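What follows is a short report on a single structure.
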Amino acid sequence: MDSWNAAYNAQEKKIKEEKQWINKFKLKQPQAVKQREAQLEKLIKSPDYVQKPPFLGKPFRFRFPDAPRLSLEVAEIKGLSHGYGNGANPLFEESDLFIEKGDRIAIIGPNGAGKSTLLRILMGKEEPDKGSAEFLGSNVYPAYFEQNQADVLDLDKTVLDTVQAASHDQSYNELRALLGQFLFKGDAVEKKVENLSGGEKARLSLCCMMLKESNLLILDEPTNHLVRCPFLFNSLCRRFHNSILMYLYSLSSPPCYFSISSTGYPSERNARGSIATF
């Protein structure tokens, strides 16, 4: 493998030098440039061209920061009723939801069904009309990703500066590898936040959230911003060993809570609180 790498690196160095010569003399010696371009193309297509050796190192695997041990009972929504317009637009009626340690729950429904509202009520950002939504125990440390999360980013910082400020004990190489999985590669990490698109800002916010010490992930439509790297979202869910509550858009109605029970059987709970296996 060492000799393969050495041969490939020597070849690529020669090709790079050849391309530099071609660019330098493109106008002064067009005929010679044409000949050398043909030779270079012939080399690349020939069976003597050394292919890039496979990478045999350990693949990067993100490690969530250590967080306090989560209690068995995480959160409870009880008898929740809420709506807007003086009752003209009810969202929930006597809804119940109990979250235990290790639960992975996805609340799925169309826009306007109240998914984000339910999350805001649980986080204490909005008061319900009736009922309660609260965390149980004193050691619940939620990491909350909301749809406007990107609005709180410092626009004057670069992408790399932003994640370094959010990191704890992660090394520079770990942060660069993590940013690469969020599609921030090469010089892109030096871009200022103010020059990022809306989707890039959202991915950067989610990246920073993953660096926070937490034992409960609360995600508001995270897949909206990970359509170009869905494998990362799957990896995030697999590697987080505590509880996850996420809200996803769907054309189906009414909104449903999908979870895996402690017995291993999947269950569906609709907004009214009834339950049925499927």
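The values are calculated or read from the model by the stated rules, or taken from the named source; none is laboratory data. Only a predicted model underlies this, so the values are computations on that prediction, with no experimental measurement involved. Neighbour counts run over all protein chains shown; Cβ positions are idealised from the backbone, glycine included.
Consider K14 carefully, then state whether it is free of Cβ contacts under 8 Å to residues at least 40 places away in the same chain, among the basic types (K, R), exposed (fewer than 13 other Cβ atoms within 10 Å of the Cβ) and part of a helix (DSSP H, G or I). Outline the logic, then answer.
Details: free of Cβ contacts under 8 Å to residues at least 40 places away in the same chain: yes; among the basic types (K, R): yes; exposed (fewer than 13 other Cβ atoms within 10 Å of the Cβ): yes; part of a helix (DSSP H, G or I): yes.
The answer is yes for K14.
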Looking at segment 74-85, can you tell me whether even one residue there is at pLDDT 90 or above, in a loop (DSSP other than H, G, I, E, B) and either over 27 Å from F240 (Cα atoms) or not aliphatic (A, V, I, L, M) (or both)?
no
Just one listed residue, out of V189, V227, is among the aliphatic types (A, V, I, L, M) and either at pLDDT 80 or above or on the phi > 0 side of the Ramachandran plot (or both), and it is V189
Out of the residues in segment 81-129 meeting the condition of being within 22 Å of the chain's Cα centre (by Cα) and among the polar types (S, T, N, Q), tell me which one is surrounded by the fewest Cβ atoms within 10 Å (Cβ to Cβ).
N111
Quick count over segment 144-162, residues being touching a Lys or Arg at 6+ places or on another chain (Cβ under 9 Å), part of a helix (DSSP H, G or I) and among the hydrophobic types (A, V, I, L, M, F, W, C), is 3
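Filter segment 128-141 for residues that are part of a loop (DSSP other than H, G, I, E, B) and touching a strand residue (DSSP E or B) at 6+ places or on another chain (Cβ under 9 Å) and give the result. Write out each step before concluding.
Filtering segment 128-141 down to residues part of a loop (DSSP other than H, G, I, E, B) leaves 128-129, 136-141.
Correct list: P128, D129, L136, G137, V140, Y141.
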Under the condition of being free of Cβ contacts under 8 Å to residues at least 40 places away in the same chain and in a helix (DSSP H, G or I), which residue from segment 94-125 is farthest from L72 (Cα to Cα)?
T117
In segment 137-153, residues that are surrounded by fewer than 19 Cβ atoms within 10 Å (Cβ to Cβ) and out of contact with any Ser or Thr (no Cβ under 7 Å at 6 or more places or on another chain) total 4
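Return yes or no: is E37 of a type in the set (D, E), modelled with pLDDT under 90 and outside the structural domain of I244 (by TED's automatic domain parsing)? Don't jump to the end; show me each part of the working.
Values: of a type in the set (D, E): yes; modelled with pLDDT under 90: no; outside the structural domain of I244 (by TED's automatic domain parsing): yes.
Spelling it out, it is not the case that E37 is of a type in the set (D, E), modelled with pLDDT under 90 and outside the structural domain of I244 (by TED's automatic domain parsing).
For Y172, state whether it is surrounded by 12 or more Cβ atoms within 10 Å (Cβ to Cβ) and among the hydroxyl-bearing types (S, T, Y). Break it down stepwise before answering.
Working: surrounded by 12 or more Cβ atoms within 10 Å (Cβ to Cβ): no; among the hydroxyl-bearing types (S, T, Y): yes.
Here the answer is no, as Y172 does not meet what is asked.
For P128, are the conditions met, namely being in contact (Cβ under 8 Å) with a residue 40 or more places away in the chain, in contact with a helix residue (DSSP H, G or I) (Cβ under 7 Å, 6 or more places away or on another chain) and more than 19 Å from E73 (Cα to Cα)?
Details: in contact (Cβ under 8 Å) with a residue 40 or more places away in the chain: yes; in contact with a helix residue (DSSP H, G or I) (Cβ under 7 Å, 6 or more places away or on another chain): yes; more than 19 Å from E73 (Cα to Cα): yes.
Taking the combined requirement at face value, the residue satisfies it.
Hey, any hits in segment 196-214 for a residue that's among the small types (G, A, S), part of a loop (DSSP other than H, G, I, E, B), within 28 Å of D103 (Cα to Cα) and more than 10 Å from the chain's Cα centre (by Cα)?
Yes, segment 196-214 has at least one match.
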